[in-house]
Every structure is written in structure tokens, then in C-alpha cells.
């Protein structure tokens, strides 16, 4: 049993030594500088372009309520919610989320 423990220690130390050498080569001084440059030149402008795209799409897209279609398999309420009036979900948005009988404030 002691021989197995010694063998596992030898294998573990050889593996850790090799891992440390590879890590030092991959993430040396030059590697850190490269990742810093990539972060400022690629990542930050990429996030900015995505944010601009989302903003412009939200401005272009109308904010009208989608048409209410009373599908029988959606908005099934077998019991009341334990908050509020018991009909609205926890994160209810009256502009986007209809109740089982339609949007709030719209009598059709």
C-alpha cells in the first residue's frame, strides 16, 4: 500500500511540474500584455457595438402590445398566486404580460 502512495506522489509531482511549465509559457509577461491589448481593442468595442445595436433596435421597434390570442394551453391558473390579487405573476408587466382574459385596461 505504501508503494502505491509513493507512486501516486511521483506521478502527481511530475504532472504539476509539467503543468506549471506550460502555464508559465502560455501566460508569461508577453501573454498578459497580449490579453490586455485584446481586451481594450476587441472586447470593449465589441460590447459597445452590441449595446448600440440593441439600443437602435429598441428605438426602431414599436412598443405596441402584441395582439392577444386566447390560446387554451397558456395562462392556466389552477390556483391563485400567494401575492397581490392572486392573478398576476410575480414579475407581471401590464404592458407585455396579459392576464388569462386579456390585457389590463383593454375592454374588447
The number of residues in the stretch 56-92 that are surrounded by 10 or more Cβ atoms within 10 Å (Cβ to Cβ), modelled with pLDDT of 85 or more and assigned to a loop (DSSP other than H, G, I, E, B) is 11
Within the stretch 94-108, is there a residue that is at pLDDT below 85 and in contact with a strand residue (DSSP E or B) (Cβ under 9 Å, 6 or more places away or on another chain)?
yes
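The values are calculated or read from the model by the stated rules, or taken from the named source; none is laboratory data. Here the structure is a predicted model, which is why all the values come from computation and not from measurement. Neighbour counts are summed over all protein chains in view; Cβ atoms, including those assigned to glycine, are modelled from backbone coordinates with ideal geometry.
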